[in-house]
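Since the structure comes first, as structure tokens, the remarks are kept for the end.
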Ligand code: SF4
């Protein structure tokens, strides 16, 4: 049974309206994207939707109490809440630099959680 | 009095891109003045991804995007002063600023780039009746609390206004365990990007209530709930639809306003629609030698566009300082926001500066519409037309006009940007 699915590509803020024509479970055509990332997105959204997760992780002894982090690559949508549990369990020590691996191989996905900000050490030690 | 060739006010994405470009184009003496204690501006608290795809060709988070420009500023040895607040600008380009190291000081500049960004509209600007309990924040303030300070503003949240920061914060608070009850939007459509509705609300089953607003807040010390109601076509609340929604936090995401107190005091003419300075195609304001770029000029959806626009301002300031391109102000084309258009940037095109290959006109439409044509015309002469399946005021549009086409237009004539809906003529 041919069917149509309308999606909004979330890969960039342009937000192209993409129309996927499905024949049963197979994709027969994809229209409306402005760049090829849109094709990949539409395909994934119909089979295994994924998202990049961004959050913050506690920092000890830093000049700021938290450092921003992200999953290096998009992870399956169904893992978002487990990913947040991992992130909330974490605590790192300053200094933290952009790109530092915070969690290796998150939930066996092969994807790392990395720092996206710099947090230098606090000038005076305040212990927290 | 200290003398500097180019003073850039604001060390966010706009200021940094402008300063870097001006230096690349040969201005040796550049100084950035920044109010906060680090460069990067609001990007530092925008920890979500989605930045840089157009400018850098890869997807970055806000702090990562900022860091790329901070690195450039450092590599090019561009000096900057942090925790330095500009108090006043004169039209003769004297800048008065204050910081704890130097006290109040003045700088005489050959050129100034305004890159102060924008700020959020607050509850005061909205007039919601009720008590004044704690627990009411602008979305950006809540964003700072969560992402920089590391604490949660509350546990159960209603968001008023579906601007992008509100949508982003809906997801952020949901991820951190808050119960986000709903996002209310007064208008029949969201002012945020569609992608944010999908990935911030739909993904987390957060309802978006269009044509709804908050008509009262309740609670003495701390917010205990809000009354939400549907609105009619005239945006007046319908009393029968009023509903009490318990919550301890109300976030406001009801729009951004360019921060232009300094510009106004300097006698720079502002556009009543954008609240930003009127600028020409080189991002020069109506005061010669003072340029504006980024969200201080008009509120952008994409930081990538801010960077491009700011580089243009930086380059133009360099040409002004070095005297390589100072166009005759008489030789100007006026850009007019025609049918269905809220505003355009620029508002003026200087004919003698058209050596660059093209001029990009940025604009917002006034209403949501489908299957339209966006057009640029002078009289009956259509310079450019582009079909669009969907336009919304939440998304900035552009038309790129060729310099040679613009040269055809006589000084003093009008270039009209307009939306053509189906079936209608011009
Ligand atoms: S298809 Fe390309 S241009 Fe369109 S939203 Fe997706 S990433 Fe952006």
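The values are calculated or read from the model by the stated rules, or taken from the named source; none is laboratory data. Note that the structure is a prediction, hence the values are computed from the model and not measured. Virtual Cβ from ideal backbone geometry, glycine too; neighbours counted across all protein chains shown.
Residues to consider are A:6, A:93, A:36; find the one that is within 14 Å of the ligand (Cβ to nearest atom), out of contact with any helix residue (DSSP H, G or I) (no Cβ under 9 Å at 6 or more places or on another chain) and more than 22 Å from residue B:203 (Cβ to Cβ).
Every option except A:36 fails the conditions.
Got a sec? Which of B:1, B:16 is more than 10 Å from chain A (Cβ to nearest Cβ), away from the ligand (no atom under 16 Å from the Cβ) and surrounded by fewer than 20 Cβ atoms within 10 Å (Cβ to Cβ)?
Only one candidate passes the filter, namely B:1.
Taking residue A:46, is it at pLDDT below 90, at negative phi and either in a helix (DSSP H, G or I) or within 12 Å of the ligand (Cβ to nearest atom) (or both)? When the stated conditions are applied, residue A:46 passes them. Is it the case that residue A:60 is away from the ligand (no atom under 15 Å from the Cβ) and either over 30 Å from residue B:370 (Cβ atoms) or in contact with a helix residue (DSSP H, G or I) (Cβ under 6 Å, 6 or more places away or on another chain) (or both)? Spelling it out, residue A:60 is indeed away from the ligand (no atom under 15 Å from the Cβ) and either over 30 Å from residue B:370 (Cβ atoms) or in contact with a helix residue (DSSP H, G or I) (Cβ under 6 Å, 6 or more places away or on another chain) (or both). Number of residues in the range B:9-66 that are out of contact with any helix residue (DSSP H, G or I) (no Cβ under 8 Å at 6 or more places or on another chain) and farther than 27 Å from residue B:323 by Cα equals 9. Scanning the range A:13-32 for residues that are surrounded by 15 or more Cβ atoms within 10 Å (Cβ to Cβ) and either more than 15 Å from the ligand (Cβ to nearest atom) or assigned to a loop (DSSP other than H, G, I, E, B) (or both) yields A:13, A:14, A:15, A:16, A:22, A:27, A:32. Restricting the range A:47-75 to residues that are farther than 30 Å from residue A:95 by Cβ and more than 9 Å from the chain's Cα centre (by Cα), the residue that is nearest to the other protein chains (Cβ to nearest Cβ) is A:49. Exactly one residue out of B:158, B:86 is closer than 22 Å to residue B:219 by Cα, more than 14 Å from chain A (Cβ to nearest Cβ), surrounded by 19 or more Cβ atoms within 10 Å (Cβ to Cβ) and at pLDDT 95 or above: that is B:158. Scoring residue A:110 on the criteria (1) more than 16 Å from the ligand (Cβ to nearest atom); (2) touching a strand residue (DSSP E or B) at 6+ places or on another chain (Cβ under 9 Å); (3) without any contact (Cβ under 8 Å) to a residue 60 or more places away in the chain leaves a single failure, condition (2). Of all residues in the range A:1-46, those that are within 11 Å of another protein chain (Cβ to nearest Cβ) and more than 21 Å from residue B:390 (Cα to Cα) total 1. Every condition in (1) within 15 Å of residue B:306 (Cβ to Cβ); (2) surrounded by fewer than 22 Cβ atoms within 10 Å (Cβ to Cβ); (3) in contact with a strand residue (DSSP E or B) (Cβ under 6 Å, 6 or more places away or on another chain) holds for residue B:11 except the one numbered (2). Looking at the range B:36-78, which of its residues are assigned to a helix (DSSP H, G or I) and within 11 Å of another protein chain (Cβ to nearest Cβ)? The answer is B:43, B:44, B:45, B:62, B:63, B:64, B:65, B:66, B:67, B:68, B:70, B:71. Per the conditions (1) within 14 Å of chain A (Cβ to nearest Cβ); (2) over 19 Å from residue B:303 (Cα atoms); (3) at pLDDT 95 or above; (4) touching a helix residue (DSSP H, G or I) at 6+ places or on another chain (Cβ under 9 Å), the sole criterion not satisfied by residue B:151 is (3). Restricting B:245, B:279 to residues that are under 26 Å from residue B:43 (Cβ atoms) and in contact (Cβ under 8 Å) with a residue 40 or more places away in the chain narrows the list to B:279. The sole residue among B:262, B:201 that is outside any strand (DSSP E or B), at pLDDT below 95 and surrounded by 18 or more Cβ atoms within 10 Å (Cβ to Cβ) is B:262.
Restricting the search to the range B:176-193, which residues are within 13 Å of another protein chain (Cβ to nearest Cβ) and surrounded by fewer than 21 Cβ atoms within 10 Å (Cβ to Cβ)? Talk me through it step by step, then tell me what you get.
Our first condition is that a residue be within 13 Å of another protein chain (Cβ to nearest Cβ); within the range B:176-193, this holds for B:176-178, B:190, B:192-193.
Within the range B:176-193, B:176, B:177 meet the criteria.
Here is a check on your reading of the model: is residue B:70 touching a residue at least 24 places away in the same chain (Cβ under 8 Å) and under 14 Å from residue B:31 (Cβ atoms)? So residue B:70 does not fit the description; no.
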